[in-house]
Each structure stands twice: as structure tokens, then as C-alpha cells.
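**Q** So that we are looking at the same thing, I have put the structure below in C-alpha cells.
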Amino acid sequence: MSLLKSPGRAPVPGAPAGSADGASPAARHRGRRTALLTAALIAALLFAALLSAGYGAYDIPLGDVLGSFLHRLGLGGATLDRVGESVLWDVRLPRVVLALLVGASLGCAGALMQGVFGNPLAEPGVIGISMGSAVGAVAAIALGMNFLGNWTVTVCAFAAGLVTVLLVYALSRSGGRTEVVTLILTGIAMNAFAGALVGLGVFVADSAQVTQITFWQLGSLAQATWPKVLAVLPCALLGLAVAPLYGRKLDLLALGERPARHLGVDVERLRMTLVLVVALLTAAAVAVSGVITFVGLLVPHVLRMAAGPGHRFLVPGSALGGALVLVAADLAARTVAQPAELPLGVLTALVGSPFFFVLLRRTRRKQGGWA
Amino acid sequence: MRSLFRARARRLPTAPALGAVAAEARALRVRLAGRTVLSEVDLTVTAGEVLALVGPNGAGKSTLLAALAGDLTAESGEVRIDGRPAGAWPAAELALRRAVLPQSAELSFPFAVEEVVRMGRAPWAGTAAAEADDEAVRAAMAAAEVAGFAGRSFAALSGGERARVALARVLAQRAALLLLDEPTAALDLRHQELVLRVCRERAAAGDAVVIVLHDLGLAGAYADRVAVLHEGRIAAEGPPGRVFDPELLSRVYSQPVEVIDHPRTGEPLVIPRR
């Protein structure tokens, strides 16, 4: 898994000193590297998805999984027995697809968020946006809302997530910059407040609803069904399709707000658009899986170390990487403690939190302190 | 397809004639945080010349530069860039006409030097000029002498190196109006001279260059015109030989100075009276 890659900055190829044709070899090298990394990510993702589809309490050999796929596509292959077919198509596959969507959304949202805030510690979970979305979802469940049918929870999660993003954004910026301390502290305050609201939701809810809400607080894909996939698909796909269009502008934003404007970026519009996209992606993920933290922090960071900070690769790459991490993590969550199942959010937090410590210390060292 | 469409919608700049007005401030008054920072400023920037803005700390040099860049809204009066009010330009079109070097160069993520310089080409994406990207980046890196560490991470550079990378990015933008805020502040003697030589070259090529300087010696040696700012107003403006008047400078800087002519070149040298 990509987490195991050795830490430390990837060596940047040195350009020939003072040579006539500048450093285009460095750029070409980086281009090759991103192409290779993309291919590797896609291959690993396909493999993890197939493995996850076949492996579990009821094992289905990989060959049979492929055979069943081919059969449904009308390309030969063979169906499985009745139980196998049902396990694969009604239980495993919706779960794998949901893991893909949620992971891609979280990874992509993390990369966007970090680009918008110009800060590698920004992540929907850390700064309270996931929890804010959860408030919307919990409110929808606890109050028994059903005004939009299947989409009610998603829409409520989106609305609450959007309000939270805007609030965090407004509270943590001053003078056109977001300081790390302000951002993290705003996140703590936001998480505390949203946590209280979720608690209030639990208090109001009846016991059946409480079970449903507990699932949010831990984060899990155990209740994946095709209707749930359908409920998040539009949000996730829209967000994932729009996000890569802003890669180049996000690169420019790294120079700072004014220099980005001097290079022709309409900074305010860019910010608002991307904040919307982040809310969309986070809401999509939270509505079906609850609060899963650190994926959006960890994946972009590892990719930045491997392929440089350019957002044209980082944004779609983080979607791929996030999907890979979540499919793998979900496979682990359901198999390491068989027959019991670990909550997915607990697992990612267990792996992700130590990483956050490292990142905090590194950022601090680079800045020479927080003050 | 999308970029093609955008390129057609944007108005591309035409090369300005020598001596044409690149930017101007008329009766400009700017308030920042409740304080009047600039008042009654009239200034014309013409193509083909280097204009130095000098003055003591807090005199309004950087504010004037930011106003000429279209960053600030005037309380009264106006700033025109390439014949149009600064506020009327869309960001994308303004970026084709003026480039700005900020006082401090920052970067949120560890991009490599060449990538940073290439960001200067972003405004031209989707236009015919994008074909010159590689050449512009190469030339800008050579001019600012940063080609030697093109592959290194910006985060690993010294202050002076960062300043030169930022300059290279601004040069790569190839805008007809260059606004540089203290480009020499972090530089050693050699690179200070280098930067001002580059400014002269750009002016000779027909660009308008406005540069905020603290070193009056550099201003005297390289600028065609100098504007001395004092408490938000222009105290004097003209060729250095005329503007560098000991009485005026002594008053503006609250520090007695002498102005002597260089024995060889005849350039005015400003020396504090000690």
C-alpha cells in the first residue's frame, strides 16, 4: 500500500548547471514519473477491488469473480452458484463501489482543501467539515426527515457541510492568509460544536435511530447497498469531474493570493467554487459512510512526496489514491478480526493519527514555531 | 476546445509604441485601514523607461505600486492600465499586460524552481504565445541567473535565491508593464546590479518598468525618472540629476544628505552627512 513508501522528499532531478536548455529534462522526468505513478495506482486499485470483491467470510476465487463479471457483460464466463452470486453482487460489490467513491471523494477533497488553504494540514476531517456534514445527516435521521426520499440524508449532509466549510473559512482567515494554528484551532472548535449537535441528535433519537447514528460516529461501509451507491453517485461524480479542472489555478494559488491574481486567477471565484466542490465531495462521503478521517490528509501528502506538489496530478491522483486506500482499509476492516468487523473510521484514524503527529512536527520545524 | 474558446474571448495586448502611456495615476487617493496612504498622486508610466519610486519607510511606495498593479480600489481619482481603468480589466486580461514582483516571495508547497518560473507563463495558456513558453522560461531563468538550480525545491533556497526566482517568474510573464517592489532588498551587490541591468534591458525592449528602490545610488544610476514619495504624496519627480536635490532629500528623509557627482560617470551620488 502506498503508505509504506519511505518518507522524505523525493529527490528532484537536478538540471544541468547553467545549461542552455534550462531544466526541461527535469519537467520531462517528472512527467514520466506521474504517468508511471498513475498507472501503478490504477493497477493497484483494480487489484484491490477484485480482491475485496472475492475475499471475506464467504470466499470467492478471483477467477470466479472475473467469470461472473464477464457473464453479466455477456462476454462468456459463467455465473456462480446462487449464494455466491448473491454475495458478490448484492453484498460485496456495492460495498467495494461505495469504498471507491468515498475514498476518491475524501482523497480529492483533501487535496483541494490543502490547495485552497495553502496549507498541508487542511483536511475535511481535521478542520471539522466531516463532523459538520455528519450533523446534517444525523439531524435528518433523528428528526425522521424524508422530504427527498433516498437523497434526504445526502442533501442534509451537503447543506450542513457547506455551512461548516464557509464558517471555518471565514473564521480561520485573516489578512488573506490562513495560519496553521488558527486553522487547527478553528477545527477543534468546529469539531467540538458539531460533536455536541450530534450528541443532541442522539439524545432526541429513538433507539433504532441511535443505532443508525452510532454508525456515523464510527464510520463504516457495512451497510452498503446499491441504493446508497446511487444516493451519493451524482455528488461524488460531479465533484470528481470538476476538481481536476482547477489544477493549474491551484498551483498558482500556492504563490499567494495577490500573485495568483497577478497571473490572471480570479481568486475569489476560484475559492468559492472549490469550497463548494469540497463540501459536495465531503457530504457525499459522509452521507453514506460516516466520519472517516485522515484519508484526505495522508493520501495527498504521500503523493506530494512521490510526484511533487503540482495539482494537475495531485488532485486526480489523490482521488485514485484515496479510493485505493479506502478499498484496502475496508478489506482489512472486515477481515482482520473475523468474524467481527472493525469500524472503518476507527481503522483509518488508528493509522492516520500517528501520521498527523509527524506532519505537525514537520510543519512546525519548517515554520520555526507556531507563534 | 475550452482553452481555444477562452483565448478568443480574451483581448490580447498589442506591443505598445515607445513613449506610449503604459499606466497612469490621476489625482489618486487611497485609504487603507482608515488611514489615507496616498493623496493627490499624479504619475505617468511610459513604455521604454525605468521609473524608480523612492522615499522613506511608510511613504506609500508599495501602495502606489499596488495601485498601479490594479490591486487596490481608489477612494478617489483613478488608475488606468493600458488605457483602461484598472478595475475594468478582468484578471485574466490584466495578467497579459502587467507583471508584479511582490516584496516577499512565498510558496505554500515545495515546487521546483523551474515550475515556479513556469507559473509566470500561466496567463498565456491557450493563446498563440504559449508556444514561446519554453523559450520564455529559459530566457527568464538565464537573465535572473537561476538556471543553475532549476531543479531544486524553492523551499530549500536562500532568501536571495528565492528573490531571483520570483524575478525570473515575473520576467517569464513577458508583460509590457513590469512592477517590481524592492527587487534588490535581499540581493548581494552583484545581483543588485544584475537586476537593474535586466530592468534597463526590458525598458530598451519597449517595456515600462516601475521599481521601488531604497538604494538611491541604484536609482540614480539606472532610472530614467525618479519619483520621490513623502507622506503619501509625490514630493518631486523627474530625471535623477534634477530630483536628487540635497535640500529636498534631507527634508524627505529627515536626514541631512549630500549629493555629489561621480568623478568618472557624473551620476549623482547621495551620501548621508555624517
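**Q** Would you mention how many residues in segment B:14-43 are buried (at least 17 other Cβ atoms within 10 Å of the Cβ) and not in a strand (DSSP E or B)?
**A** Residues in segment B:14-43 being buried (at least 17 other Cβ atoms within 10 Å of the Cβ) and not in a strand (DSSP E or B): 1 in total.
**Q** Looking for something closer than 27 Å to A:T182 by Cβ and in contact with a Gly (Cβ under 8 Å, 6 or more places away or on another chain) - is there at least one such residue anywhere in segment A:352-371?
**A** No: segment A:352-371 contains no residue that is closer than 27 Å to A:T182 by Cβ and in contact with a Gly (Cβ under 8 Å, 6 or more places away or on another chain).
**Q** Taking segment B:155-168 as the search range and keeping residues that are buried (at least 16 other Cβ atoms within 10 Å of the Cβ) and under 22 Å from the mean Cα position of the chain (by Cα), which one is nearest to the other protein chains (Cβ to nearest Cβ)? Give the derivation first.
**A** First pass over segment B:155-168, keeping only residues buried (at least 16 other Cβ atoms within 10 Å of the Cβ): B:157, B:161-168.
If we keep only those that are under 22 Å from the mean Cα position of the chain (by Cα) as well, we get B:161-168.
Values: B:E161: 14, B:R162: 12, B:A163: 13, B:R164: 14, B:V165: 11, B:A166: 8, B:L167: 13, B:A168: 10 Å.
Only one residue fits best here, namely B:A166.
**Q** Scan segment A:197-236 for residues that are in contact (Cβ under 8 Å) with a residue 24 or more places away in the chain and out of contact with any Gly (no Cβ under 8 Å at 6 or more places or on another chain) and report the count. Don't jump to the end; show me each part of the working.
**A** Residues of segment A:197-236 that are in contact (Cβ under 8 Å) with a residue 24 or more places away in the chain, as a first pass: A:197-198, A:201-202, A:204-205, A:209, A:212-213, A:215-222, A:224-233, A:235-236.
Remaining after also requiring out of contact with any Gly (no Cβ under 8 Å at 6 or more places or on another chain): A:197-198, A:201-202, A:204-205, A:212, A:221-222, A:224-233, A:235-236.
Number of matching residues: 21.
**Q** Just wondering, is there one or more residues in segment A:41-60 that are touching a residue at least 24 places away in the same chain (Cβ under 8 Å), hydroxyl-bearing (S, T, Y), closer than 30 Å to A:G310 by Cβ and in a helix (DSSP H, G or I)?
**A** Checked against the condition, which is being touching a residue at least 24 places away in the same chain (Cβ under 8 Å), hydroxyl-bearing (S, T, Y), closer than 30 Å to A:G310 by Cβ and in a helix (DSSP H, G or I), segment A:41-60 yields no hits at all.
**Q** Is there a residue being more than 23 Å from A:V163 (Cα to Cα) and either in contact with a strand residue (DSSP E or B) (Cβ under 7 Å, 6 or more places away or on another chain) or of a type in the set (G, A, S) (or both) anywhere in segment A:261-280?
**A** Filtering segment A:261-280 for residues more than 23 Å from A:V163 (Cα to Cα) gives A:261-265.
Keeping just the survivors that are either in contact with a strand residue (DSSP E or B) (Cβ under 7 Å, 6 or more places away or on another chain) or of a type in the set (G, A, S) (or both) gives A:262, A:264.
Looking through segment A:261-280, at least one residue is more than 23 Å from A:V163 (Cα to Cα) and either in contact with a strand residue (DSSP E or B) (Cβ under 7 Å, 6 or more places away or on another chain) or of a type in the set (G, A, S) (or both).
**Q** Given A:L162, A:L183, A:L230, which one is assigned to a helix (DSSP H, G or I), more than 30 Å from B:L178 (Cα to Cα) and within 13 Å of chain B (Cβ to nearest Cβ)?
**A** It is A:L183.
**Q** Of all residues being among the acidic types (D, E) and farther than 14 Å from A:D251 by Cβ in segment B:110-138, which is nearest to the other protein chains (Cβ to nearest Cβ)? Just the residue, please.
**A** Out of the qualifying residues, it is B:D134.
**Q** Name the single residue that is nearest to B:L53 (Cα to Cα) among those in segment B:99-109 being within 8 Å of chain A (Cβ to nearest Cβ) and modelled with pLDDT of 95 or more.
**A** This residue is B:V100.
**Q** I've got another one for you. Checking B:A136 against (1) in a helix (DSSP H, G or I); (2) surrounded by fewer than 18 Cβ atoms within 10 Å (Cβ to Cβ); (3) in contact (Cβ under 8 Å) with a residue 24 or more places away in the chain: exactly one of these is not met. Which one?
**A** Single failed check for B:A136: (2).
**Q** Given (1) touching a residue at least 12 places away in the same chain (Cβ under 8 Å); (2) over 24 Å from A:V302 (Cβ atoms); (3) outside any helix (DSSP H, G or I), identify the lone condition not met by A:N119.
**A** (2)
**Q** Going by what's in this entry, would B:S108 be described as surrounded by fewer than 24 Cβ atoms within 10 Å (Cβ to Cβ), over 20 Å from A:A260 (Cβ atoms) and not acidic (D, E)?
**A** Answer is no for this residue.
**Q** Taking segment A:232-254 as the region of interest, how many residues are out of contact with any Pro (no Cβ under 9 Å at 6 or more places or on another chain) and charged (D, E, K, R)?
**A** Total satisfying the criteria: 2.
**Q** Follow-up question, since we're still on this one. Could you tell me whether segment B:91-107 includes any residue that is at positive phi and in the same structural domain as B:V37 (by TED's automatic domain parsing)?
**A** No, every residue in segment B:91-107 fails to be at positive phi and in the same structural domain as B:V37 (by TED's automatic domain parsing).
**Q** Go through segment A:238-270 and give me each residue that's in a helix (DSSP H, G or I), facing another protein chain (nearest Cβ under 8 Å) and among the acidic types (D, E).
**A** Of everything in segment A:238-270, just one residue is in a helix (DSSP H, G or I), facing another protein chain (nearest Cβ under 8 Å) and among the acidic types (D, E), namely A:D251.
**Q** So, one more: Considering each of B:L68, B:L18, B:L28 in turn, give the residue that is within 13 Å of chain A (Cβ to nearest Cβ) and of a type in the set (A, V, I, L, M).
**A** Going through B:L68, B:L18, B:L28 in turn, just one is within 13 Å of chain A (Cβ to nearest Cβ) and of a type in the set (A, V, I, L, M): B:L68.
**Q** Quick test for you: out of A:G63, A:G84, A:G110, A:G74, pick the one residue that is not hydrophobic (A, V, I, L, M, F, W, C) and not in a helix (DSSP H, G or I).
**A** Values: A:G63 fails: not in a helix (DSSP H, G or I); A:G84 fails: not in a helix (DSSP H, G or I); A:G110 fails: not in a helix (DSSP H, G or I).
Residue meeting the stated conditions: A:G74.
**Q** Please give the number of the condition B:W124 fails out of (1) outside the structural domain of B:G55 (by TED's automatic domain parsing); (2) in contact with a Pro (Cβ under 8 Å, 6 or more places away or on another chain).
**A** The failed condition is (2).
**Q** What are the pairs with Cβ atoms under 6 angstrom where one residue, in segment A:66-92, is of a type in the set (D, E, K, R) and the other, located anywhere, is part of a helix (DSSP H, G or I)? Sequence gap at least six, or different chains.
**A** Short answer, once both residue conditions are applied: A:R92/A:A53.
The values are calculated or read from the model by the stated rules, or taken from the named source; none is laboratory data. Because the structure is a prediction, the values reported are computed rather than measured. So basically every Cβ, Gly included, is an ideal-geometry build from the backbone, and we count neighbours across all protein chains shown.
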